[in-house]
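Where a number appears in this text, it was derived from the coordinates with a stated rule and is not lab data. Note that this is a predicted model, so its numbers are computed, not measured. Note: ideal-geometry Cβ built from the backbone for every residue, glycine included; neighbour counts use all protein chains shown.
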Amino acid sequence: MLACTVTIKDSTTSPLLQPEPHDSYYMELALQQAALAPHVGEVPIGAVLVRNHEVIAAGHNYREISQDPTAHAEMVVIRKAAEQLRTWRLTDTTLYVTLEPCPMCAGAIVQSRIARLIFGAWDPKAGACGSIFDIPAERQLNHRVQVMGGLLEQESRKLLQEFFRAKRGALSESTSPLKPAS
Ligand code: ZN
């Protein structure tokens, strides 16, 4: 049984976006990237960019390490892929990311002409691919991205919940008045 609800949204005039057999496999790779992030103090969000069944770039958040507000997983992967392919036009690629992209990343996805976007967990607070905004479906823009949200949603969400729970735990421990003086 599928542990998640997959929402397929057709934001273009092209045929409805259908899940492809390899989508879950690549989302697993994005999840593996996300799982690496907490080891270096980063929020567990991972992304993978694929073209013709080849992984062009993979990565996770680097905002803390780089102290760069734009170093979201999607931006990291888009930059790496553009460098790798020596072009800003990432046409015919699919971006897999464990969390619904924010407005900045959704904008970058449109700008880089990515064809398909598959994400894991919905982000009702900051998501810009159907939650609070729907940038990939914006008819005023000259490129539209096919979007599917909710693939391996539970797994993606669990990584984030565990990370923030551990962080809260560490915080309350360090501020606890019962902590013995060392
Ligand atoms: Zn973002």
### Task
Evaluate the charge dipole of the chain about its Cα centre and quote only its size in Debye, nearest 20, assuming +1 on the Cβ of each Lys and Arg and -1 on the Cβ of each Asp and Glu.
300 debye
## Note on the structure
From fewest to most C-beta neighbours within 10 Å, the residues 125, 167 line up as 125, 167
### Message
I need the fraction of alpha carbon pairs in the chain separated by more than 21 Å, rounded to a whole percent.
### Response
48 percent
### Task
Grab the DSSP H runs of the chain that are 4 residues or longer, score each as -39,500 (n - 2.57), total them, divide by all residues and round the 222 nm result to the nearest 500 deg cm²/dmol.
-11000 deg cm²/dmol
### Message
Only bridges whose two residues both fall in segment 38-152 count here: according to DSSP, what percent of them are antiparallel, nearest 5?
### Response
55 percent
### Task
Give me the angle, in degrees from 0 to 90, between the Cα long axis of helix 23-36 and the longest principal axis of the Cα atoms of the chain, rounded to the nearest 10.
30 degrees
### Query
How far is helix 73-85 tilted off the main Cα axis of the chain, in degrees rounded to 10, range 0 to 90?
50 degrees
### Query
Lys pairs in the chain, Cα-Cα under 25 Å, at least 8 apart or on separate chains: how many?
6
